[in-house]
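*Asks:* Here's a structure for you.
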Amino acid sequence: MDPQIEADFFNPPIRELPLAYVLDWYFAACERQGASKATWGWLLPRILEVLAVGDDVATVGLEVSLARFETGNPANWSGEEWRVLDSFQRQYLALQIEDGGDNLDDVLCMFRLGGWPMEDLLEQVAAFPDDVLAHRFWRDWCEHHVPGREAVWITPFWEAPDNTAAYDFYTSPEIHARMEALALADATDPELAAQASAVVGVIEAGADWLR
């Protein structure tokens, strides 16, 4: 860490901890076992606040934001603390799916690296309506890609086997069927139908079960 920041790091009240301090803490090397619970518990409210307003806590990527402690394990927290963390996770994921600027896969990876169970995260995604998922997938996989080079986005920050689990979920027969039904339904808005159709094309290009 920057020596001046390191010397002053624990002096400001946590609500007033400068974002520059948070960024420098993430930029610094960390023990392999991560941060201590005392340090993480003190810093976590500020981290969540930064994430909630759409800022980055780490310059390397959103994915590492919660990776220095097993935040998603309820055994590490009191019942009240866990209710706050569980609520934050679900609301943050929902916001990103519905209208967020970050790729969905990056958000899922962040929570998984933070200790939340992969199966539960994917179940939360699958519970969203087809139209919401179609628009999210289209934005992540198609909107800013060169035509003909659309592809499922998988962040390089995943740890095996979660990267495979995420990809298999996105390209699963279930997601394919939901997107195809939406694209072909007479009641679907034409713009949304086109997005869903594009998502279907991406899935069909990358799904192992179709080969």
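The values are calculated or read from the model by the stated rules, or taken from the named source; none is laboratory data. Quick caveat, the model's predicted, so the values are computed rather than measured. Note that each Cβ is placed from the backbone with ideal geometry, even for glycine, and that neighbours are counted across all protein chains shown. Keep in mind that these areas ignore ligands, DNA and RNA; they rest on the heavy atoms of the full protein, side chains included. Shrake-Rupley method; radii C 1.70, N 1.55, O 1.52, S 1.80 Å.
*Asks:* Can you tell me how many residues in the range 5-43 are within 22 Å of the chain's Cα centre (by Cα), surrounded by 17 or more Cβ atoms within 10 Å (Cβ to Cβ) and either aromatic (Phe, Trp, Tyr) or in a loop (DSSP other than H, G, I, E, B) (or both)?
*Replies:* The total comes to 4.
*Asks:* Could I ask something else about it? Could we say that Ala183 is in a helix (DSSP H, G or I), of a type in the set (A, V, I, L, M), in contact with a helix residue (DSSP H, G or I) (Cβ under 8 Å, 6 or more places away or on another chain) and in contact (Cβ under 8 Å) with a residue 60 or more places away in the chain here?
*Replies:* No.
*Asks:* Looking at this structure, is Asp86 part of a helix (DSSP H, G or I) and touching an Asp or Glu at 6+ places or on another chain (Cβ under 6 Å)?
*Replies:* Here the answer is no, as Asp86 does not meet what is asked.
*Asks:* Given the options Thr59, Thr39, Thr71, name the one that is in contact (Cβ under 8 Å) with a residue 24 or more places away in the chain and farther than 15 Å from Leu121 by Cβ.
*Replies:* Exactly one of Thr59, Thr39, Thr71 is in contact (Cβ under 8 Å) with a residue 24 or more places away in the chain and farther than 15 Å from Leu121 by Cβ, namely Thr59.
*Asks:* If Ala127 satisfies every condition in (1) hydrophobic (A, V, I, L, M, F, W, C); (2) over 20 Å from the mean Cα position of the chain (by Cα); (3) surrounded by fewer than 12 Cβ atoms within 10 Å (Cβ to Cβ); (4) under 21 Å from Asp99 (Cα atoms) but one, which is the exception?
*Replies:* With (1) hydrophobic (A, V, I, L, M, F, W, C); (2) over 20 Å from the mean Cα position of the chain (by Cα); (3) surrounded by fewer than 12 Cβ atoms within 10 Å (Cβ to Cβ); (4) under 21 Å from Asp99 (Cα atoms) applied to Ala127, the lone miss is (2).
*Asks:* Looking at the range 44-66, which of its residues are of a type in the set (A, V, I, L, M) and open to solvent by less than 60 Å² (accessible area, probe 1.4 Å)?
*Replies:* Leu44, Ile47, Leu48, Val50, Leu51, Val57, Ala58, Leu62, Val64, Leu66
*Asks:* Return the pair list, or none, for Cβ contacts closer than 8 Å from residues in the range 1-17 that are assigned by the TED database to the domain that holds Thr59 to residues that are surrounded by 12 or more Cβ atoms within 10 Å (Cβ to Cβ) and of a type in the set (Lys, Arg), at least 6 apart or on different chains.
*Replies:* Matching pairs, first to second residue: Ile14/Arg46; Arg15/Arg46; Leu17/Arg46.
*Asks:* Specify which of the listed residues (Trp116, Trp138, Trp153, Trp158) is open to solvent by 40 Å² or more (accessible area, probe 1.4 Å) and closer than 26 Å to Thr71 by Cα.
*Replies:* So the residue among Trp116, Trp138, Trp153, Trp158 that is open to solvent by 40 Å² or more (accessible area, probe 1.4 Å) and closer than 26 Å to Thr71 by Cα is Trp153.
*Asks:* Now a separate question. Which residues, taken from the range 93-108, are over 14 Å from Asp56 (Cβ atoms) and either touching a residue at least 24 places away in the same chain (Cβ under 8 Å) or of a type in the set (A, V, I, L, M) (or both)?
*Replies:* Those that are over 14 Å from Asp56 (Cβ atoms) and either touching a residue at least 24 places away in the same chain (Cβ under 8 Å) or of a type in the set (A, V, I, L, M) (or both): Leu93, Ala94, Leu95, Ile97, Glu98, Leu104, Asp105, Leu108.
*Asks:* Kindly list the number of the only condition in (1) at pLDDT 95 or above; (2) in a loop (DSSP other than H, G, I, E, B) that fails for Pro147.
*Replies:* Answer for Pro147: the failing condition is (1).
*Asks:* Follow-up. Hey, Gly101 hits all of (1) open to solvent by 40 Å² or more (accessible area, probe 1.4 Å); (2) modelled with pLDDT of 95 or more but one; which does it fall short on?
*Replies:* The failed condition is (2).
*Asks:* Quick check: is even one residue across the range 75-82 among the aromatic types (Phe, Trp, Tyr) and either open to solvent by 40 Å² or more (accessible area, probe 1.4 Å) or assigned to a helix (DSSP H, G or I) (or both)?
*Replies:* Taking every residue of the range 75-82 in turn, at least one turns out to be among the aromatic types (Phe, Trp, Tyr) and either open to solvent by 40 Å² or more (accessible area, probe 1.4 Å) or assigned to a helix (DSSP H, G or I) (or both).
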